[in-house]
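Chemist: This is the structure, below, for whatever I ask next.
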Amino acid sequence: MAKYLVTGAAGFIGSSLVRALLDRGDEVRGIDNFSTGRRENLTEVLDRIDFREVSILDLDATRQACEGVDFVLHQAALPSVPKSVLDPLSSNRVNVDGTVNVLVAARDAKVKRVVYAASSSAYGDTPTLPKHEAMSPDPISPYAVAKLASEYYMTSFYRCYGLETVCLRYFNIFGPRQDPTSPYSGVLAKFSMQMLRGEQPTIFGDGETSRDFTYIDNAVSANLLACSAPAAECAGRVFNCATGRRVTLNETFEALKKLIGYTGTVKYGPERAGDVKHSLADISRAQKHLGYKTLVNFEEGLRRTVEWYKSEAVAATRS
Ligand code: UD1
């Protein structure tokens with residue numbers, strides 16, 4: 001039984017990791033400052049973990065959180081490309097300074113390995129598809145720059161201090177507990193909730209924008225594999241975390257329409273500043289070195305996600 005620290009434990013991805021670790025019988029500590037995470041995401045597991053309301057910008061508290069820990073799964077971040085375009089300072093503070101704090105704390109506490117929630121946005125709009133890790137990054141938004149800078153810090157801590165680090169470049173992770181209520185919410189969470197409420201969603205652009213939408217179980221599995229893979233296979237390295245298939249926003253809307261039974265139409269609006277047009281991953285490096293594979297495909301993931309938002313909507317009408 002190993003001891004894990006999940007940063008951003010009350011977030012969508014963090015809270016899914018917490019559950020998976022508890023299911024395996026691991027010991028879990030979680031930190032979150034609730035800037036975007038929600039206490040409700042941890043409701044039924046809160047009494048089974050050592051949860052601390054801590055910001056990764058608080059170095060002393062982050063140091064204490066790293067004490068006695070084997071693995072850190074660093075998920076805490078200020079997500080959203082458009083939010084970073086509006087407020088690059090906050091994005092940099094949390095997504096870069098916060099990461100350096102986590103690394104310093106993990107290094108000094110002699111943590112075995114840090115796995116980092118990196119982002120596919122690092123690739124930018126380079127024309128080559130699929131994106132593979134050997135390609136030069138070309139970040140567009142401040143969010144993408146911050147996430148890439150943190151990747152470099154991860155690798156630097158491996159090279160300079162021998163702290164084992166693994167970066168997982170997440171490709172548009174979606175699934176239960178992703179917050180659908182913010183204007184900055186991920187598109188699948190937002191559209192699911194809007195369409196379930198009978199509201200009209202808006203596609204930014206012509207709808208031919210495509211993403212390698214990746215169901216949460218795949219990201220959870222990638223994190224667990226990144227902790228157990230031998231250091232020679234993964235330490236100091238970057239891996240795509242995706243499915244290797246892309247779907248357009250128009251196709252996504254049609255798929256949701258069927259699953260939800262939505263009878264309305266979609267609106268089209270201007271493209272969002274900082275957006276990448278197409279995103280598709282080559283997942284062969286993760287397959288080879290981590291033993292990663294896609295566990296749940298897009299269609300099944302979308303079905304499970306819609307079921308979850310439906311049950312949440314029913315629960316909300318009861319309370
Ligand atoms: C980006 C990263 C992703 C990261 C996320 C964190 C890329 C390719 N992906 O996601 O890995 O996890 O940031 O925030 O850079 N859209 C609409 N209507 C809406 C909302 C969004 O059409 O109401 C469109 C967006 O303009 C975009 C697409 O849907 O083209 C996906 O947007 P979103 O879900 O916000 O994620 P990315 O910005 O692609």
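The values are calculated or read from the model by the stated rules, or taken from the named source; none is laboratory data. Owing to the predicted nature of the structure, the values given are computational and were not obtained by experimental measurement. Please note: Cβ atoms are built from the backbone with ideal geometry, for glycine as well, and neighbour counts cover all protein chains shown. Just the protein is used for accessible areas: all its heavy atoms, side chains included, with ligands, DNA and RNA removed. Shrake-Rupley method; radii C 1.70, N 1.55, O 1.52, S 1.80 Å.
Chemist: Name the pairs: first residue in segment 233-258 and within 19 Å of Val220 (Cβ to Cβ) and among the aliphatic types (A, V, I, L, M), second residue in a loop (DSSP other than H, G, I, E, B) and modelled with pLDDT of 95 or more, Cβ to Cβ under 6 Å, at least 6 apart or on different chains?
Modeler: Here the result reads Val238/Glu133; Ala242/Phe171; Ala242/Asp212; Ala242/Ile283, each pair linking segment 233-258 to a residue that is in a loop (DSSP other than H, G, I, E, B) and modelled with pLDDT of 95 or more.
Chemist: Mind listing whichever residues of segment 147-196 are open to solvent by 30 Å² or more (accessible area, probe 1.4 Å), within 17 Å of Gly301 (Cα to Cα) and either in contact with a strand residue (DSSP E or B) (Cβ under 6 Å, 6 or more places away or on another chain) or without any contact (Cβ under 8 Å) to a residue 24 or more places away in the chain (or both)?
Modeler: Result: Asn172, Lys190.
Chemist: Looking at (1) within 11 Å of the ligand (Cβ to nearest atom); (2) at pLDDT 95 or above, find the lone condition where Asp125 falls short.
Modeler: (2)
Chemist: If we scan segment 225-233, do we find a residue that is within 15 Å of the ligand (Cβ to nearest atom) and out of contact with any Asp or Glu (no Cβ under 7 Å at 6 or more places or on another chain)?
Modeler: No, segment 225-233 contains no residue that is within 15 Å of the ligand (Cβ to nearest atom) and out of contact with any Asp or Glu (no Cβ under 7 Å at 6 or more places or on another chain).
Chemist: Can you tell me which residues in segment 97-124 are surrounded by fewer than 24 Cβ atoms within 10 Å (Cβ to Cβ), over 24 Å from Met135 (Cβ atoms) and out of contact with any Phe, Trp or Tyr (no Cβ under 9 Å at 6 or more places or on another chain)?
Modeler: Hits for segment 97-124 are Asp97, Asn101, Asp108, Ala109, Lys110.
Chemist: Contact list please: Cβ distance under 6 Å, first residue in segment 75-93 and within 14 Å of the ligand (Cβ to nearest atom), second residue of a type in the set (Lys, Arg), pairs at least six apart or on different chains.
Modeler: Within 6 Å, the pairs are Pro82/Arg272.
Chemist: While we're looking at this one, here's another question. Determine, yes or no, whether Arg237 is more than 30 Å from Glu164 (Cβ to Cβ) and either basic (Lys, Arg) or within 17 Å of the chain's Cα centre (by Cα) (or both).
Modeler: Spelling it out, it is not the case that Arg237 is more than 30 Å from Glu164 (Cβ to Cβ) and either basic (Lys, Arg) or within 17 Å of the chain's Cα centre (by Cα) (or both).
For (1) buried (at least 19 other Cβ atoms within 10 Å of the Cβ); (2) on the phi > 0 side of the Ramachandran plot; (3) at pLDDT 95 or above; (4) not in a strand (DSSP E or B), each residue gets a yes or a no:
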residue: Tyr4; (1), (2), (3), (4): yes, no, yes, no
residue: Ile13; (1), (2), (3), (4): yes, no, yes, yes
residue: Asp23; (1), (2), (3), (4): no, no, yes, yes
residue: Thr43; (1), (2), (3), (4): no, no, yes, yes
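Chemist: If you don't mind, another one. Is it the case that segment 209-216 has a residue that's at positive phi and either open to solvent by 20 Å² or more (accessible area, probe 1.4 Å) or more than 10 Å from the ligand (Cβ to nearest atom) (or both)?
Modeler: no
Each row is one residue, and each column tells you yes or no for (1) in a helix (DSSP H, G or I); (2) more than 10 Å from the ligand (Cβ to nearest atom); (3) touching a Cys at 6+ places or on another chain (Cβ under 6 Å); (4) aromatic (Phe, Trp, Tyr).
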residue: Thr252; (1), (2), (3), (4): yes, no, no, no
residue: Leu256; (1), (2), (3), (4): yes, yes, no, no
residue: Gly264; (1), (2), (3), (4): no, yes, no, no
residue: Glu271; (1), (2), (3), (4): no, no, no, no
residue: Lys288; (1), (2), (3), (4): yes, yes, no, no
residue: Thr294; (1), (2), (3), (4): no, yes, no, no
residue: Glu300; (1), (2), (3), (4): yes, yes, no, no
residue: Glu312; (1), (2), (3), (4): yes, yes, no, no
residue: Ala316; (1), (2), (3), (4): yes, yes, no, no
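Chemist: Also, I was wondering about something else. Which residues, counting only those in segment 79-95, are crowded, with 20+ Cβ neighbours inside 10 Å and under 18 Å from Ile31 (Cβ atoms)?
Modeler: Listed by number, the residues that qualify are Pro79, Val94, Asn95.
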